[in-house]
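Trainee: Sending over a structure as structure tokens; questions will come in a sec.
The values are calculated or read from the model by the stated rules, or taken from the named source; none is laboratory data. Only a predicted model underlies this, so the values are computations on that prediction, with no experimental measurement involved. Virtual Cβ from ideal backbone geometry, glycine too; neighbours counted across all protein chains shown.
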């Protein structure tokens, strides 16, 4: 058996990332640990009975059962694509099933966007910090990362695409204002780059009125989706269930056609059974379910913000999101959140150190907190412990 596997991996294989995500997901549900680390929904809030009933209906019908257990289309099961098209039309995006590709969560959507758009060392603009899962999805293409602020410059830029999360971004929880969205679209048109819009948290809004997606605004500007430069990645993972791995990409039909070919080369398609279950559940899911999620998660967000205000030292700052799953902390510059993490684990607290979210030089005095997976009393206890640790310990860079 070869002993030098690292030397045998292709450059693409050597660049594969994601170890941080696996490490922090292992902390979720660990007994005795208050975990603010995983970006996960509360499994107690899943519509489990609807999911069980959907499976039962499918297997009670011989024709549906055969469809569910057979190969299917790379673009996805047509009834699910039609449901998503209707959902997107309700959000101001004029589209049909020819504009929809079903993916294995929005994470695969990001991966396909990267494979389709980015060649070796092509330019990609992102926020700093940005979603670490997106960095993993794009890593194999070895893009040259630039700051999203480069779009504000007058000089020519060489980037081919920009990755953005306009609503309740992971990791910061921050959102783009309507004016920022319009400026971003104008700048993307000026510099002729594609926008990859990650909309994973859009429906988890706890304050304020919903804002139009970049795709909806772009379609309005240009007379339809076929003229849009935005590739929109959505998911069922945050509002229904992550375990069925249901996501989608919405884009101009030539993009979807080519992505279908890429998808065929990877795994042909999502499980037809999972797609049929998602269609059944999405059709029957009452709007009150989303309202319940927003009420529950909004209360947990408020509890964390209050606990931070009550317990954190004055030289610690944090974002104040109106939705999503995360709050972003900035510690004094002399503190290293990676080293702090080891001490926090000894106290039964977990978070994600901020360095992993930077495509370039990281700011090590930052960290991400998730508030959706813990009850409010647990949140208050965990923040009090973490604040006590930060107040009593300075970790040198």
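Trainee: Filter the range 199-210 down to the residues that are surrounded by fewer than 18 Cβ atoms within 10 Å (Cβ to Cβ) and within 26 Å of residue 103 (Cα to Cα) and list them by number.
Mentor: Answer for the range 199-210, where residues must be surrounded by fewer than 18 Cβ atoms within 10 Å (Cβ to Cβ) and within 26 Å of residue 103 (Cα to Cα): just 210.
Trainee: While we're here: Filter the range 59-85 down to the residues that are within 24 Å of residue 258 (Cβ to Cβ) and either in contact with a strand residue (DSSP E or B) (Cβ under 6 Å, 6 or more places away or on another chain) or part of a helix (DSSP H, G or I) (or both) and list them by number. Lay out the reasoning, then the answer.
Mentor: Here is the first cut: in the range 59-85, the ones within 24 Å of residue 258 (Cβ to Cβ) are 71-85.
Residues satisfying the conditions are 75, 76, 78, 79, 80, 81, 82, 83, 84, 85.
Trainee: If I filter the range 184-195 for residues that are surrounded by fewer than 19 Cβ atoms within 10 Å (Cβ to Cβ) and in contact (Cβ under 8 Å) with a residue 60 or more places away in the chain, do I get at least one hit?
Mentor: Checked against the condition, which is being surrounded by fewer than 19 Cβ atoms within 10 Å (Cβ to Cβ) and in contact (Cβ under 8 Å) with a residue 60 or more places away in the chain, the range 184-195 yields no hits at all.
Trainee: Please find, among 356, 373, the residue that is buried (at least 17 other Cβ atoms within 10 Å of the Cβ), at pLDDT below 95 and closer than 25 Å to residue 43 by Cα. Quick ask: steps written out before the conclusion?
Mentor: Values: 356 fails: closer than 25 Å to residue 43 by Cα.
After ruling out the rest, the residue left standing is 373.
Trainee: Could you list all residues from the range 305-319 that are in contact with a helix residue (DSSP H, G or I) (Cβ under 7 Å, 6 or more places away or on another chain) and in contact (Cβ under 8 Å) with a residue 60 or more places away in the chain? Explain how you work it out, then say what you get.
Mentor: Step one: filter the range 305-319 for residues in contact with a helix residue (DSSP H, G or I) (Cβ under 7 Å, 6 or more places away or on another chain), giving 307-308, 311-313, 316, 318.
307, 308, 311, 312, 313, 316 - these are the residues of the range 305-319 that are in contact with a helix residue (DSSP H, G or I) (Cβ under 7 Å, 6 or more places away or on another chain) and in contact (Cβ under 8 Å) with a residue 60 or more places away in the chain.
Trainee: Now for a different question. If you go through the range 285-305 one residue at a time, do you hit one that is under 27 Å from residue 76 (Cα atoms), at pLDDT below 95, over 20 Å from the mean Cα position of the chain (by Cα) and not in a loop (DSSP other than H, G, I, E, B)?
Mentor: Taking every residue of the range 285-305 in turn, at least one turns out to be under 27 Å from residue 76 (Cα atoms), at pLDDT below 95, over 20 Å from the mean Cα position of the chain (by Cα) and not in a loop (DSSP other than H, G, I, E, B).
Trainee: Looking only at the range 100-116, count how many residues are in a helix (DSSP H, G or I) and either outside the structural domain of residue 164 (by TED's automatic domain parsing) or surrounded by 20 or more Cβ atoms within 10 Å (Cβ to Cβ) (or both).
Mentor: To start, the set of residues in the range 100-116 that are in a helix (DSSP H, G or I) comprises 105-116.
Applying the additional criterion that residues be either outside the structural domain of residue 164 (by TED's automatic domain parsing) or surrounded by 20 or more Cβ atoms within 10 Å (Cβ to Cβ) (or both) yields 105-114.
Number of matching residues: 10.
Trainee: Among all residue pairs at least 6 apart or on different chains, which show Cβ distances below 6 Å where the first residue, located in the range 152-165, is free of Cβ contacts under 8 Å to residues at least 40 places away in the same chain and the second is in a strand (DSSP E or B)?
Mentor: The qualifying pairs are 158/123; 159/123; 159/125; 159/146; 162/125; 162/195; 165/198.
Trainee: Out of (1) at pLDDT below 95; (2) assigned to a helix (DSSP H, G or I), the odd one out for residue 269 is which?
Mentor: Checking residue 269 against (1) at pLDDT below 95; (2) assigned to a helix (DSSP H, G or I), the one that fails is (2).
Trainee: Does residue 356 satisfy the condition of being assigned by TED's automatic domain parsing to the domain that holds residue 42, assigned to a helix (DSSP H, G or I) and under 30 Å from residue 292 (Cα atoms)?
Mentor: Values: assigned by TED's automatic domain parsing to the domain that holds residue 42: yes; assigned to a helix (DSSP H, G or I): yes; under 30 Å from residue 292 (Cα atoms): no.
Taking the combined requirement at face value, the residue does not satisfy it.
Trainee: Since residue 243 meets every condition but one in (1) modelled with pLDDT under 95; (2) surrounded by 21 or more Cβ atoms within 10 Å (Cβ to Cβ), which condition does it not meet?
Mentor: Going through (1) modelled with pLDDT under 95; (2) surrounded by 21 or more Cβ atoms within 10 Å (Cβ to Cβ) one by one, residue 243 breaks only (2).
Trainee: Could you please let me know if residue 212 is in the same structural domain as residue 88 (by TED's automatic domain parsing) and closer than 29 Å to residue 300 by Cβ? Before you say what the answer is, go through the steps one by one.
Mentor: Working: in the same structural domain as residue 88 (by TED's automatic domain parsing): yes; closer than 29 Å to residue 300 by Cβ: yes.
So residue 212 fits the description; yes.
Trainee: So, in the range 136-152, of the ones that are touching a helix residue (DSSP H, G or I) at 6+ places or on another chain (Cβ under 9 Å), more than 10 Å from residue 15 (Cα to Cα) and not in a strand (DSSP E or B), which residue ends up modelled with the lowest pLDDT? Can you show your working first?
Mentor: Initial filter on the range 136-152 (touching a helix residue (DSSP H, G or I) at 6+ places or on another chain (Cβ under 9 Å)): 136-143, 145, 148, 150-152.
Adding the requirement that they be more than 10 Å from residue 15 (Cα to Cα) leaves 137, 143, 145, 148, 150-152.
Those still in the list that are not in a strand (DSSP E or B) too: 137, 143, 148, 150-152.
Working: 137: 93, 143: 93, 148: 94, 150: 92, 151: 92, 152: 88.
For the range 136-152, the residue satisfying everything is 152.
Trainee: Here's something else I'd like to know. Checking the condition surrounded by fewer than 20 Cβ atoms within 10 Å (Cβ to Cβ) and within 19 Å of residue 78 (Cα to Cα), which residue from 261, 278 passes? Explain how you work it out, then say what you get.
Mentor: Values: 278 fails: surrounded by fewer than 20 Cβ atoms within 10 Å (Cβ to Cβ).
Only one candidate qualifies: 261.
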